[in-house]
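The structure appears below as structure tokens.
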Amino acid sequence: MKSSEEIFQQKTDIKEIILKVFRYKHYFVVTVIVALALAYVANRFATRRYYNQTYLLIKEEQKASFMGGEEIMKGFGLFQGIKNVENELTIIKSYPVVFQAIQELNFEVDYITEENLSPFDFLSFKSYAELYKHSPVQVILDQTHVQPVDLRFYVDVINDSTFRLSAFGENIPLYNYINNNLTGKLDTLRLNGVFKFGKKITTPEYSFSIHLKENYNPYQFIEKRLFFRFNNILYLTYTYQAGVGVGTTSATSSVVGVSLSGPNPEKVTDFLNALTRVYLEKNLEKKNTIAYNTVKFIDTRISDIADSLMYAENKLQNFRTSRQVMNLSFQGQKLYEKMNALENERAIIIVKQKYYEYIKGYFDQNKDVTDMLAPSSMEVQDPVLNNLIGNLLELNNERMNYTQQNNPKNLFLRDLDIQISNIKNTIIENISYNTNTIKIGLDDINSRMNKLNSQISGLPRTERELIGMERQFKLNDAIYTFLLQKRAEAQIARASNTSDYEIIEEAKRFRAVIVAPKVMLNYIIALFFGLFLPFVFIITRDFLNNKITDIRDIEQITSLPTIGQVLHNKFKSNAIIQDYPKSPIADSFRGIRTNLKFFAKGADKMVILITSSQSGEGKSFCSINLASVYALLGKKTVLLGFDLRRPALYKDLQLSNEKGITSYLINSAELKDIIQPTQINNLDLIAAGPVPPNPVELIASDRTSVFIDELKKLYDYIIIDSSPIGAVTDSFLLFNYADINIFTIRHNISLKEAVKSNLKNIVMKQISNVSVLINDVKIKKNTYGYAYQNKYYTNDDKGGKLRSIFRKKR
């Protein structure tokens, strides 16, 4: 017997696997047909989805200029900085951008056709198609009134002026399009009535009117129904936001592709173009906001200085008129020029001081620093402060990108807030330092101006008063002129602003391609699974099968010879040799008889014992028919029912079990009293007899040896039908009396482990002349090794049938 290691080391027989799979080819045919049918249904009833794409250019570094004034734009710091492409990808599909694009396109109402594709009324296979701009009706909703969302309103046109409107739903949400939020829910809404086109339909739950378009074609809706539904804009925004795909065309490129797929190609195309347009408008609006805030800041300062300038101007004019003084003396002119220079310098310092005060107040009043003025816009040339505020604006923009995604629990937000807070504290410290520096500068200028004032005091009174008035006027005029110049620059910057980004290629309707369903791919997948699933099933079932299904299973378990194979019994009788002597099964027993002759080396008399692992494996069936073939050969044969625990042979041969082997072994009957002749010539039966309480002791007694010796004198062949060795040990006591021991295995019934264990036990007990008999072989499910016999008999039977048909026709 082969060891378990040798069994597991057997090489896989590819040919065996192919033949085994081929025997179940009908499985493959059925599964392939079913899989292809499912693929057809999926392709037929699935909603088509179209894919389209548009391209944007994200300019990473901007040094824009207008009217040749590049330095002016640098002064405002409006277009400086490197754009983070990754941040822009997030902004493109952020909730505010998608929401505004949907609102611009008026996606509040969907128009859809419904078509039942099933030819049977009891089946419901429906197909839906969105009409979008090609709807024959138009719904005008009252946005000041709540509307039921996601409810189907079916419209059946009666004529050019009237229509039937029907709807039914439960747990219907009510949506407010003014505030864009849900206001409640309806338990049930039912509607069925006839209305006129253009007339407003109003109830507490809804308010809208329906208008018939000129493109209405009644033949279009013979087998289709039209319905519309109101959309929840918030949910619709989330849906589109999840569906939008953004990404650069390559790792080193700043060209961004924006894509979307949906059931209507025109709607997909319009949304992509609206999304990119809104994105560019928001970018331009952000830049214009900075310029607008600059103008607003300057206007507040101009309003403060305008009145002082006008008062100083009027006072100077009145003084010159009343005193008739037009020019200063040479000495006075010199002093005035020095004083004027100091006043200009003092004006610039005062503007810087005002800007620092603006920054302090801005931090106190605003958490968001998006629209804060850059220092360079007010001639504050402080590199440290410029860098700090630039970093602050970048961090704030990054924080806005995360908050626009409506994810307040983002792990990066806390870190960004800490960085922003630290930079603000640093800026405040820098401003405090600069404020002290400015104060020192003002004190110095004031000191120098005091010295000039002392010199001016030596001039004549009229000239001295004139210098004071002109000095006040020049100071206000210098500040006013400086602010006017900055306002003009900011207004020019706002007027000449363009977006930092550019649409390279808009989405076009003709470029929308179908991405679902993928017809050919679905068929390929169906074909693959149609072939793969039965293959896996067959291989797995064969791998997990613990029964003897093939002669190779026996060869792997034991090295004992196989004496023959008995075909499957399709008849109701177990006495095949008697009832169907010309059947293939009868011939299989004749073949076993021939093999036994060679196995016994031509002996004319033999004692043959037949056993098995467990009951139900056909040992009694084989015993009856093997004894029958020897009797038909003219040999005196006796069949012994030595299964004393469960006697059954007498039933198949329709004989008695009143007396038998047990009767002889307990000396209650003579040998001649227990022998029963059968309907087959030369075949006698000795039944088991009454079931004894101690069958093992009876078999082990000396009376058994005397019994076998007496039978050898009377018969040529003794066939012993013994008990299963896997259940009891009776057969091991009888092995010593047999010339040949046959171990019966039933095809597709006997368990591999049981057969292996029992055969191993037989080998260990050194029982000789043991061979294996395979019973109940089903040729259609077996390997090619058994097919020849089935083919022979099948062809023969077919030929016989054909000959009988021709005889009848003659």
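The values are calculated or read from the model by the stated rules, or taken from the named source; none is laboratory data. As the structure is a prediction and not an experimental result, all values here were calculated from the model. Virtual Cβ from ideal backbone geometry, glycine too; neighbours counted across all protein chains shown. Accessible surface areas use protein heavy atoms only, side chains included; no ligands, DNA or RNA. Shrake-Rupley method; radii C 1.70, N 1.55, O 1.52, S 1.80 Å.
Just a few scattered comments:
- The one condition in (1) within 27 Å of ALA274 (Cα to Cα); (2) open to solvent by less than 70 Å² (accessible area, probe 1.4 Å); (3) part of a strand (DSSP E or B); (4) modelled with pLDDT under 95 that PHE228 fails to fulfil: (4)
- Selection status of ILE720, surrounded by fewer than 19 Cβ atoms within 10 Å (Cβ to Cβ) and closer than 12 Å to PHE642 by Cα: no
- Residues satisfying the stated conditions in the range 565-604, i.e. basic (Lys, Arg) and over 19 Å from SER771 (Cβ atoms): LYS570, LYS572, LYS582
- Among the residues of the range 161-178, those identified as of a type in the set (S, T, N, Q) and under 35 Å from the mean Cα position of the chain (by Cα) are ASN171, ASN176.
Per-residue answers, yes or no, for (1) more than 59 Å from the chain's Cα centre (by Cα); (2) under 18 Å from LEU685 (Cβ atoms); (3) modelled with pLDDT of 85 or more; (4) not hydroxyl-bearing (Ser, Thr, Tyr):
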residue	(1), (2), (3), (4)
PHE599	yes, no, no, yes
ASP604	yes, no, no, yes
ILE610	yes, yes, yes, yes
GLN614	no, no, yes, yes
CYS622	no, yes, yes, yes
LEU626	yes, yes, yes, yes
VAL629	yes, yes, yes, yes
LEU633	yes, yes, yes, yes
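- Only helices (runs of 4 or more DSSP H) whose full extent lies in the range 20-94 are considered here, and the ones with at least 3 residues that are at pLDDT 90 or above and either surrounded by fewer than 17 Cβ atoms within 10 Å (Cβ to Cβ) or touching a helix residue (DSSP H, G or I) at 6+ places or on another chain (Cβ under 9 Å) (or both) are 25-45.
- Among the residues of the range 366-389, those that are at pLDDT 70 or above and surrounded by fewer than 17 Cβ atoms within 10 Å (Cβ to Cβ) comprise PRO383, VAL384, ASN386, ASN387.
- Strands (runs of 3 or more DSSP E) contained entirely in the range 97-185, each with at least 1 residues that are under 30 Å from ALA46 (Cα atoms), open to solvent by less than 80 Å² (accessible area, probe 1.4 Å) and charged (D, E, K, R): 109-116, 126-130, 153-157
- Taking the range 186-201 as the range and being open to solvent by 100 Å² or more (accessible area, probe 1.4 Å) and either in a loop (DSSP other than H, G, I, E, B) or without any contact (Cβ under 8 Å) to a residue 12 or more places away in the chain (or both) as the test, only LYS199 passes.
- Some residue of the range 528-548 being in contact with a strand residue (DSSP E or B) (Cβ under 7 Å, 6 or more places away or on another chain), charged (D, E, K, R) and either touching a residue at least 24 places away in the same chain (Cβ under 8 Å) or in a helix (DSSP H, G or I) (or both): yes
Yes/no matrix, rows are residues, columns are (1) assigned to a helix (DSSP H, G or I); (2) without any contact (Cβ under 8 Å) to a residue 24 or more places away in the chain:
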position: LYS672; (1), (2): yes, yes
position: ILE680; (1), (2): no, no
position: GLY689; (1), (2): no, no
position: PRO693; (1), (2): no, yes
position: LEU698; (1), (2): yes, no
position: SER705; (1), (2): yes, no
position: LYS713; (1), (2): yes, yes
position: ILE719; (1), (2): no, no
position: SER723; (1), (2): no, no
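- Answer residue from the range 761-784, given it is within 27 Å of HIS568 (Cα to Cα) and among the charged types (D, E, K, R) and is most open to solvent (accessible area, probe 1.4 Å) among those: LYS780
- Per the listing ILE577, ILE563, the residue uniquely at pLDDT below 85, touching a Phe, Trp or Tyr at 6+ places or on another chain (Cβ under 7 Å) and open to solvent by less than 40 Å² (accessible area, probe 1.4 Å) is ILE577.
- Within the range 723-758, tally of residues that are farther than 20 Å from SER620 by Cβ and either open to solvent by less than 60 Å² (accessible area, probe 1.4 Å) or of a type in the set (A, V, I, L, M, F, W, C) (or both): 2
- Condition met for ILE610 (of a type in the set (A, V, I, L, M, F, W, C), outside any helix (DSSP H, G or I) and closer than 14 Å to THR744 by Cα): yes
- Residue that is aromatic (Phe, Trp, Tyr), farther than 27 Å from PRO173 by Cβ and free of Cβ contacts under 8 Å to residues at least 60 places away in the same chain, where the choices are TYR279, TYR219: TYR219
- Some residue of the range 601-617 being open to solvent by 10 Å² or more (accessible area, probe 1.4 Å) and of a type in the set (A, V, I, L, M, F, W, C): yes
- Residue in the range 720-727 that is under 60 Å from the mean Cα position of the chain (by Cα) and among the hydrophobic types (A, V, I, L, M, F, W, C) present: yes
- Once the range 242-268 is narrowed to residues that are of a type in the set (Ser, Thr, Tyr) and touching a strand residue (DSSP E or B) at 6+ places or on another chain (Cβ under 6 Å), the residue that is surrounded by the fewest Cβ atoms within 10 Å (Cβ to Cβ) is THR249.
- Considering residues of the range 641-670 that are in contact (Cβ under 8 Å) with a residue 40 or more places away in the chain and of a type in the set (A, V, I, L, M) only, the residue surrounded by the most Cβ atoms within 10 Å (Cβ to Cβ): ILE661
- Exactly one residue out of GLN578, GLN556 is touching a Lys or Arg at 6+ places or on another chain (Cβ under 7 Å) and outside any strand (DSSP E or B): that is GLN556.
- Scanning the range 269-292 for residues being surrounded by 21 or more Cβ atoms within 10 Å (Cβ to Cβ), more than 11 Å from ILE92 (Cα to Cα) and either at pLDDT 85 or above or within 39 Å of the chain's Cα centre (by Cα) (or both) gives a total of 2.
- The set of residues from the range 715-734 being under 23 Å from TYR630 (Cα atoms) and touching a helix residue (DSSP H, G or I) at 6+ places or on another chain (Cβ under 8 Å) comprises ASP716, TYR717, ILE718, ILE719, ILE720, ASP721, SER722, SER723, LEU734.
- Checked across the range 683-692, the condition of being at pLDDT 90 or above, open to solvent by less than 10 Å² (accessible area, probe 1.4 Å) and over 29 Å from ILE749 (Cβ atoms) holds for no residue.
- Enumeration of residues in the range 701-717 that are surrounded by 14 or more Cβ atoms within 10 Å (Cβ to Cβ) and of a type in the set (Gly, Ala, Ser): SER701
- Hey, TYR664 out of contact with any helix residue (DSSP H, G or I) (no Cβ under 7 Å at 6 or more places or on another chain), outside any loop (DSSP other than H, G, I, E, B) and aromatic (Phe, Trp, Tyr) or not: no
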